[in-house]
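Everything on this sheet refers to the single structure shown next.
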Amino acid sequence: MRTWVLTTFLIAGCASGQVQTRQEGPFPAPPEAGATEVSLPHEDRGGDADFRAAASKAFASDPDMARKALEAFLGNHPDHRQRPAAIALLARVQIVSGDAAGAKTTLEKADAGGRTPDFDFLRGIAASRLDNPVLAVALLRPFFASGPPPIGGMRDGDAPLLLRAAAAEALAESGDLVAAIEQWDQYRSIDGAREPERAYARRRAEEVAEKISGADALAALSSSRAPFVRAMLGAQAVAGLRARGDEASAIRLEQDIGLVRRNLGYDPALQETPTGDPLRLGLAVPQSGAQARLGEVVLRGSMLVVAEPTPSGDPSPYHLFLRDAAAPAERAGTAGVGAAAWSLEREDSVIGLLGAPDPRGIELATRDGVPFLLLDEHAPGARTTAFQLIHAPESRAIALAQRALSLGARRFIVLGPDSASGKRLAGAFKNAVSAGGGTLIAHITYLAAATSFSAQVNELRKLAFDALFVPDEAARLELIAPALAVANIWPRRPRLLVAPSSTTMPTSGRREVLLLSTALSLSERLLRNAERYVQGAMLCPGYYPAEDARSGNFVARFREVYGTNPTAADAYGYDGLSILRGVVERGARTRADALRLMASGRFEGMTGDIRFGPDHGRVDLPLVYVVDGDSIRLLK
């Protein structure tokens, strides 16, 4: 169930007296002075008075009192002519109190013959909140152009907010994302809308826009000149143009959207921040505190990039500016990564930076238009200037599934920890297997801290499968692989597999299957402790210092300088600074240039051929390695 911030706005508005209501009727007018009152057969003066008293509470600041008064009226006057109005008002009170299910029940109990447009309107609001978007859109669509009807004969000042918010949420859930943004535009444009309501509409519209493809955003912009819609969809449309190689159009649209956003007050003027020095590269990582070791490791890889000579052999002209992401605040009213980012951007004038993820740091970088490569596994979103550098764990599971499928495997088993991360990786793996035409035969789990796997291996003995996926660290694989060998289940070297027709496994004899593992924190220790049992295993740890054409020079230089093998953190530090240096060597002279090249380019790194998607998440698949004799090499 969604959290509805709008309810808070409505109750606060009622309390402050900002909700204006107007009676439209059919309320009995008070008799004129001196007139003789005449009782007509259909009149119920006591009921009319009770209704007026109950209705007057419907828009008060105490919804519980209003509900009790309206329920009392309905119980005491089952045949009163104002019964439909009272039902509508009661449903409205229930909705703004957060009881959409109660409102639905109230409306369903009403006589069909007594229903009025306000019934359909309120049913639509309730359906939206109860996650029935198709019904909600059908019921609310007649009011998109005309606006909401009176509720129980009374004008509800907050009904327009109710309508636009419910319509936007329902349209988004039913897949009509552009129409949802248009409804949020209507919401923020309602007369009397307060700043928190306008900010809420913008935030929800931005969340919807993140889900729209570049092609759909371009199509929407071709038919809409509404500034708010253009501001929301601009980033996706620009990314769509760049994805099809139309850089000139992307630049023109980017400038147009930038002007629109600044006119709306969403982005600062471009001249407020420096353009950045293309020879200054920034690094914001912890240099003190509990994470100091991580910062030190990332710095090692980064330093190799800055020190590397130019292609012509000249000394490197680049300078690395380092700030402690764990330092206390000194400026800009912020601390940690935020303070480090502020200093690098404003004082050191770097063209871009690499650093640890932090919402404040991302916000400051985006405000200043600074490319910010994040040592993070999550996409920061198209509306930021940040880019995800570390592959998501799920992408490693997907890469292994696709490799196994390409080798002919069709029957898969997951043997993994019962932890949340293990289940998440198993889910991603299963989805990739299904998408590729394979089947997940079983998902067998063990305790996250387990060191014995005999029970799980006994289950495996009874099953026929082509590939086994272990979504766990390399240290756990060291224990699982020998246990598999005891059951005569051995890794199969990666080669084209012709799956047997039998659906049951023989109870004796050597059985070979593709052994797959994310093997996080992979090192030479796996070979020292379990080399015999993991021959042919395919591993996807994010990075391993294999001595191949891709990373051989990096590994050799790293050993020469630091006397040890690089870790994954070293490799990501190297890749991040390599991207910043790479965009400069491709012609970037300003931060805007760097952003355009990063959004549309491909960068060969130690962790893969790095590419970013519309949400600035990393979209290239991670590298897969294979155990081959006494080494671990990159699988081509």
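The values are calculated or read from the model by the stated rules, or taken from the named source; none is laboratory data. Predicted, not measured: the structure shown is a model, and the values here were computed from it. Here the Cβ positions follow ideal geometry from the backbone for every residue, glycine too, while neighbour counts run over all protein chains shown.
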Next item on the list: Give just the number: which of (1) surrounded by 21 or more Cβ atoms within 10 Å (Cβ to Cβ); (2) at pLDDT 95 or above does ARG611 not satisfy?
Entry: (1)
Check: Limited to the range 561-614, what total is found for residues that are over 23 Å from ARG346 (Cβ atoms), touching a residue at least 24 places away in the same chain (Cβ under 8 Å) and among the small types (Gly, Ala, Ser)?
Finding: 10
Note to self: Return the pair list, or none, for Cβ contacts closer than 6 Å from residues in the range 380-399 that are over 29 Å from VAL433 (Cβ atoms) to residues that are assigned to a loop (DSSP other than H, G, I, E, B) and of a type in the set (Lys, Arg), at least 6 apart or on different chains.
What the structure shows: none
Next item on the list: Have a look at SER128, SER222 and point out the one that is out of contact with any Pro (no Cβ under 6 Å at 6 or more places or on another chain), part of a helix (DSSP H, G or I), among the polar types (S, T, N, Q) and surrounded by fewer than 22 Cβ atoms within 10 Å (Cβ to Cβ).
Entry: SER222
Note to self: For the range 48-67, give me the residue count where each residue is free of Cβ contacts under 8 Å to residues at least 24 places away in the same chain and hydrophobic (A, V, I, L, M, F, W, C).
What the structure shows: 3
Next item on the list: Identify, by number, the condition in (1) surrounded by 16 or more Cβ atoms within 10 Å (Cβ to Cβ); (2) assigned by TED's automatic domain parsing to the domain that holds GLY240; (3) of a type in the set (D, E, K, R) that LYS211 doesn't meet.
Entry: (1)
Notebook entry, point to check: ALA100: among the small types (Gly, Ala, Ser), at pLDDT 90 or above and in contact with a Lys or Arg (Cβ under 7 Å, 6 or more places away or on another chain), yes or no?
Noted result: yes
Margin query: Between a residue in the range 257-279 that is closer than 14 Å to ARG230 by Cβ and surrounded by 13 or more Cβ atoms within 10 Å (Cβ to Cβ) and any residue that is β-branched (Val, Ile, Thr) and modelled with pLDDT of 80 or more, which pairs come within a Cβ distance under 7 Å, given they are 6 or more apart or on different chains?
Written below: ILE257/VAL238
Checklist line | Single match in LEU516, LEU477 (criterion: under 39 Å from the mean Cα position of the chain (by Cα), modelled with pLDDT of 95 or more and either assigned to a helix (DSSP H, G or I) or outside the structural domain of SER421 (by TED's automatic domain parsing) (or both)) | finding: LEU477
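Results for (1) modelled with pLDDT under 95; (2) under 30 Å from ARG528 (Cα atoms), shown as yes or no for each residue.
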| residue | (1), (2) |
| --- | --- |
| ALA571 | no, yes |
| VAL583 | no, no |
| ASP593 | yes, no |
| ARG596 | yes, no |
| VAL627 | no, yes |
| LEU635 | yes, yes |
Margin query: Quick check on the range 225-256: of everything there that is aliphatic (A, V, I, L, M) and modelled with pLDDT of 90 or more, which residue is surrounded by the most Cβ atoms within 10 Å (Cβ to Cβ)?
Written below: MET232
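To keep it simple, each residue is scored yes or no on (1) surrounded by fewer than 16 Cβ atoms within 10 Å (Cβ to Cβ); (2) among the basic types (Lys, Arg); (3) closer than 25 Å to GLU473 by Cα; (4) in the same structural domain as ALA356 (by TED's automatic domain parsing).
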{"residue": "VAL555", "(1), (2), (3), (4)": "no, no, yes, no"}
{"residue": "ARG581", "(1), (2), (3), (4)": "no, yes, no, yes"}
{"residue": "GLU585", "(1), (2), (3), (4)": "yes, no, no, yes"}
{"residue": "ARG589", "(1), (2), (3), (4)": "yes, yes, no, yes"}
{"residue": "LEU595", "(1), (2), (3), (4)": "no, no, no, yes"}
{"residue": "SER600", "(1), (2), (3), (4)": "no, no, no, yes"}
{"residue": "SER631", "(1), (2), (3), (4)": "yes, no, yes, no"}
Notebook entry, point to check: So GLY617 clears everything in (1) under 30 Å from ILE212 (Cβ atoms); (2) of a type outside the set (S, T, N, Q); (3) assigned by TED's automatic domain parsing to the domain that holds PRO311 except one condition, right? Which one?
Noted result: (3)
Next item on the list: Run down ARG230, ARG203, ARG164, ARG194 and say which single residue is farther than 30 Å from GLY601 by Cα, among the charged types (D, E, K, R) and without any contact (Cβ under 8 Å) to a residue 60 or more places away in the chain.
Entry: ARG164
Note to self: Checking ALA145 against (1) over 22 Å from the mean Cα position of the chain (by Cα); (2) among the hydrophobic types (A, V, I, L, M, F, W, C); (3) crowded, with 24+ Cβ neighbours inside 10 Å: exactly one of these is not met. Which one?
What the structure shows: (3)
Next item on the list: Hey, could you check the range 348-384 for residues that are in a loop (DSSP other than H, G, I, E, B) and polar (S, T, N, Q) and say which is nearest to GLU585 (Cα to Cα)?
Entry: SER349
Next item on the list: Tell me, please, whether a residue that is within 22 Å of LEU177 (Cα to Cα), in the same structural domain as SER61 (by TED's automatic domain parsing) and under 37 Å from the mean Cα position of the chain (by Cα) can be found in the range 108-120.
Entry: no
Check: Could we say that ARG52 is in contact with a Phe, Trp or Tyr (Cβ under 7 Å, 6 or more places away or on another chain) and at pLDDT 90 or above here?
Finding: no
Checklist line | Test for ALA448: is it closer than 22 Å to SER521 by Cβ, among the hydrophobic types (A, V, I, L, M, F, W, C) and modelled with pLDDT of 95 or more | finding: no
